[in-house]
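Notes for the one structure printed next.
The values are calculated or read from the model by the stated rules, or taken from the named source; none is laboratory data. Source: prediction; values computed, not measured. Glycine also receives a Cβ, built like all others from the backbone with ideal geometry; neighbour counts cover every protein chain displayed.
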């Protein structure tokens, strides 16, 4: 790829960058737009989906609460889980009583869901420009890619947006690094 093309490609990826709001997920939203009100990719939103009318978002809140409480109290059952809000990914949650887990859910986790307005968040003010953040467990493939994403980010060679793009385009570390060398400009603006 020509150097000027690389710069334009990287700028376009910055402009159109929109990832799943699940902090443990590496998926980019197809077309840059989420098909659900939470801003999750289809894989992460799947377990929350129901075809019922829910004008108050109470049913959505109940499904989110159930998903989180299973993660916090029982875990996802996967030994490779790295989710800080899962009993399997964060061993310190095993010592917490149920009441503390409920407080964590209500005081911290639900506070990071700004849209749609959930009944539990009705009295809370939302800062303009706030985006949702959730911490749902993901499958092993996505979890492994997340570890690789964190490794590439820690190296500081490339901007976050282009690393996400590479990880969504390729499946293994070598091909991801090759893709980055071919198509990405370095974080300082230089071309490889």
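Points worth noting:
- Qualifying residues in segment 62-81 (those that are in contact with a helix residue (DSSP H, G or I) (Cβ under 6 Å, 6 or more places away or on another chain) and in contact (Cβ under 8 Å) with a residue 40 or more places away in the chain) - the one nearest to residue 39 (Cα to Cα): 68
- Verdict on residue 171 being in the same structural domain as residue 85 (by TED's automatic domain parsing), touching a helix residue (DSSP H, G or I) at 6+ places or on another chain (Cβ under 9 Å) and either part of a loop (DSSP other than H, G, I, E, B) or exposed (fewer than 13 other Cβ atoms within 10 Å of the Cβ) (or both): no
- Residues in segment 161-188 that are farther than 30 Å from residue 77 by Cα and touching a residue at least 60 places away in the same chain (Cβ under 8 Å): 161, 162, 182, 183, 184, 185.
- Restricted to segment 100-114, and to residues there that are in contact with a strand residue (DSSP E or B) (Cβ under 8 Å, 6 or more places away or on another chain) and in a helix (DSSP H, G or I), the residue that is farthest from residue 71 (Cα to Cα) is 112.
- Restricting segment 40-52 to residues that are part of a loop (DSSP other than H, G, I, E, B) and touching a helix residue (DSSP H, G or I) at 6+ places or on another chain (Cβ under 9 Å), the residue that is surrounded by the most Cβ atoms within 10 Å (Cβ to Cβ): 40
- Positions within segment 152-165 being within 19 Å of residue 141 (Cα to Cα) and over 16 Å from the mean Cα position of the chain (by Cα), in sequence order: 152
- Of the residues making up segment 10-25, at least one is within 15 Å of the chain's Cα centre (by Cα), surrounded by fewer than 20 Cβ atoms within 10 Å (Cβ to Cβ), at pLDDT 95 or above and part of a loop (DSSP other than H, G, I, E, B).
- Out of 143, 92, one residue alone is loosely packed, with under 14 Cβ neighbours inside 10 Å and at negative phi. It is 92.
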